[in-house]
């Protein structure tokens, strides 16, 4: 497969490649022991067949997500502690009022 990809790359880099007929391209590929099915797929620009034969993925989707801020995590933890302390203080104040 690597050999085929290198061959296609070399053909594409040649300045006179567009002047080659389909027959000439087919002969070049046959000389490199490329299968008839693959030659036909290349000449017909059949992306589906080429992807299957080369075990390639025709569509790849990727995305990037921004990194989470470590400071934000620390701030959230501090906020939770503050909230917990505030609730405890309120409960203590309520119990003090009930006792008094």
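Legend: ranking of residues 35, 21 from fewest to most surrounding C-beta atoms inside 10 Å; resulting order 21, 35. Stretching residue 82 away from residue 51 to a fully extended chain increases their span by 5.4 nm, per 0.36 nm per residue minus the current alpha-carbon distance. Here the extension length gained between residue 89 and residue 13 equals 19.8 nm, from 0.36 nm per residue of separation less the Cα-Cα distance. Note on 25, 39: ascending count of other Cβ atoms within 10 Å places them as 25, 39, the fewest first.
Here, each number is a calculation from the coordinates, and none is a lab measurement. Predicted model only: the values in this text are computed from it and were never measured. Cβ atoms come from the backbone with ideal geometry, glycine included; neighbour counts cover every protein chain shown.
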